[in-house]
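The values are calculated or read from the model by the stated rules, or taken from the named source; none is laboratory data. Everything quoted here is computed from the prediction, not taken from an experiment. Here the Cβ positions follow ideal geometry from the backbone for every residue, glycine too, while neighbour counts run over all protein chains shown. Ligands, DNA and RNA are stripped out before the accessible areas are found, and what is left, the full protein with its side chains, is counted by its heavy atoms. Shrake-Rupley method; radii C 1.70, N 1.55, O 1.52, S 1.80 Å.
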Amino acid sequence: MTVITRMTPLLERNETFAGSYTPAPLGLPARQVLILTCLDHRVDPAIVLGLQLADAPVIRNAGGRVTQAVIDDIAYLAFLAGYVFGGEQGLDSLFEVAIVHHTQCGTGLLADPGYRHQAAEATGLAEATLEASAVADPYVTVKADVDRLLTSPSLSPKVSVSGHVYDIATGRVTTTVDARYP
Ligand SMILES: [Zn+2]
């Protein structure tokens, strides 16, 4: 007997998907853009930006923040892209990292010290860690994160970085920091 879980309807959708699926070969992402954005379910970049399979790698965390883990992933992906494809194509640029923060972000609550204290007690996370992940004003945090990534010593000189804000109320993404190299 099949157990019905919350995944059941999604697995049914996957059956439909797999029915007409064509696998993409390993290659550079078609758009040569890596999206870093919030894990919020209202901010799915595949839908908001119309991404197709094999278009772009996506990294998501609370707020879409540049953390050490994100910096490490991007450093590895740049190495991988250069290792696999750089030699044959002599690429001067590998990809652009587009950081997308958004309005009404749930992490904005972490800007409040009382809430942050409660969250730290409940999760065991450091208050400073929680404070660092807060997106109270996406226009401010996205600029700070573009700067943080661009000044990271691990960032490949062949990777550019840009900043954008997604407005939950309008569905519109606005570029607030133009792409530039380290
Ligand atoms: Zn968010």
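Filter region 83-107 for residues that are closer than 15 Å to residue 182 by Cβ and modelled with pLDDT under 95; which is farthest from the ligand (Cβ to nearest atom)?
92
Being open to solvent by less than 70 Å² (accessible area, probe 1.4 Å) and β-branched (Val, Ile, Thr) is the filter here, so list the residues in region 116-152 that pass it.
Result: 135, 141, 142, 146.
Quick one: is residue 149 in a helix (DSSP H, G or I) and touching a helix residue (DSSP H, G or I) at 6+ places or on another chain (Cβ under 6 Å)?
No; evaluated as a whole, the condition is false for this residue.
To keep it simple, each residue is scored yes or no on (1) in contact with a Ser or Thr (Cβ under 7 Å, 6 or more places away or on another chain); (2) not hydrophobic (A, V, I, L, M, F, W, C).
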residue	(1), (2)
122	no, no
126	no, no
132	no, no
141	no, yes
153	no, yes
156	no, yes
163	yes, yes
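For region 35-75, what are the residues that are more than 20 Å from residue 140 (Cβ to Cβ), away from the ligand (no atom under 13 Å from the Cβ), open to solvent by less than 30 Å² (accessible area, probe 1.4 Å) and out of contact with any helix residue (DSSP H, G or I) (no Cβ under 7 Å at 6 or more places or on another chain)?
Across region 35-75, the qualifying residues are 55, 56, 74.
Which residue, of 135, 173, is farther than 25 Å from residue 32 by Cβ and of a type in the set (A, V, I, L, M)?
Just a single option satisfies the conditions, and that option is 135.
Out of the residues in region 153-165 meeting the condition of being open to solvent by less than 10 Å² (accessible area, probe 1.4 Å) and among the aliphatic types (A, V, I, L, M), tell me which one is modelled with the lowest pLDDT.
For region 153-165, the residue satisfying everything is 159.
Regarding residue 168, is this residue of a type in the set (Val, Ile, Thr), open to solvent by less than 20 Å² (accessible area, probe 1.4 Å) and either within 16 Å of the ligand (Cβ to nearest atom) or in contact with a His (Cβ under 6 Å, 6 or more places away or on another chain) (or both)?
Here the answer is no, as residue 168 does not meet what is asked.
Within region 76-115, restricting attention to residues that are among the polar types (S, T, N, Q) and in a helix (DSSP H, G or I), which residue is least open to solvent (accessible area, probe 1.4 Å)?
107
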